[in-house]
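The values are calculated or read from the model by the stated rules, or taken from the named source; none is laboratory data. All values reported here derive from a predicted model rather than from experimental measurement. Methodologically, a virtual Cβ is constructed for each residue, glycine included, from the backbone with ideal geometry; neighbour enumeration extends over all protein chains shown.
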C-alpha cells in the first residue's frame, strides 16, 4: 500500500510538472510568435518607403537631365546662330574688300593701257574668289538673279526676243545693266561657250558702237585697251544693205566673232551687270 501511494504521489507530481511545463512552453511560443507577427507589417512599410523614395529620386534625375539637355540645346543653337552671323559678316566684309579692289583696278585700267591684260587676269581671279566666298553663304542669296548667268564678277542675260541696238541698250538699262562689254579673252570664251546650243546661226548685239565715228564701249571702257575679236575683214562699215548709212553697231555672230551691223536691225542681245554683294 505504501509503495502504491508513493507511486501515485510520484505520478501526480510528474503530471503536474508536465502540465506546468506544457503551459510554460505554450506561453514561450506565444511570446516568440507575437513579435514576429508585428514585425512583418513594419518590414513591408519600410520596403514601400524605400521604393517610393527611389521612384521620386529617379523622377528628379529625369527632370534634371531634361532641363540640362534643353538648356544645352538652346545654348548650342544660340552660339551656332551667332557664329553663323559672324561668319556671314566676315564673308560680306571679304567680298566688299574684293569689290573695292575691283573698282580700283578698273580705274587703273581706264587710265592706262600698259597693264590691261594683267589687270584682266587679276579681275578674273578676284571674280573666282568672290564666287567661292559667295557659295559659302545661304542658297537664298544667289550670285545672280533668276534668268541670269554668272561669270567672274558679272551677271549676263541672253535675250530670247529681238530688238534694234538702241532698243536693246534701253532694255538692258531697264534691267539695271548695260549691253555686254567684252574686256578679255576669258570673258569672250565664256560668251562663246554660253552661246553654243542657243545661237543657231543667230546674232547678238554687244555694247560697242562707232555712231560718232570712233568705236566706244557703252560703259565708258576705253576701246583701245580691250582685246579685239573682229571677224576677218571686219569692221567694214558696209553700205550695200539698202538701210541707209553704214554699220555702226557691234554684234556677235553665229561663229562667235565680232561683226559690225546696221543698228536698226532686230537681233538678240546680251546684257551685263556687276554682281551685287
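Just a few scattered comments:
- Filter result for the condition that a residue is under 16 Å from residue 261 (Cα atoms) and exposed (fewer than 14 other Cβ atoms within 10 Å of the Cβ), over 213, 207: 213
- Members of the range 179-227 that are under 32 Å from the mean Cα position of the chain (by Cα), farther than 19 Å from residue 266 by Cβ and modelled with pLDDT of 95 or more: 181, 182
- So residue 272, is it loosely packed, with under 13 Cβ neighbours inside 10 Å, modelled with pLDDT of 90 or more, under 17 Å from residue 159 (Cβ atoms) and touching a strand residue (DSSP E or B) at 6+ places or on another chain (Cβ under 8 Å): no
- Residue, farthest from residue 219 (Cα to Cα), within the range 181-202, restricted to residues that are touching a helix residue (DSSP H, G or I) at 6+ places or on another chain (Cβ under 7 Å) and assigned to a loop (DSSP other than H, G, I, E, B): 184
- Selection of the range 158-172 for residues being surrounded by 14 or more Cβ atoms within 10 Å (Cβ to Cβ) and not in a loop (DSSP other than H, G, I, E, B) yields 158, 163, 165, 166, 167, 168, 169, 171, 172.
- Total residues in the range 219-277, condition within 22 Å of residue 202 (Cα to Cα) and outside any strand (DSSP E or B): 28
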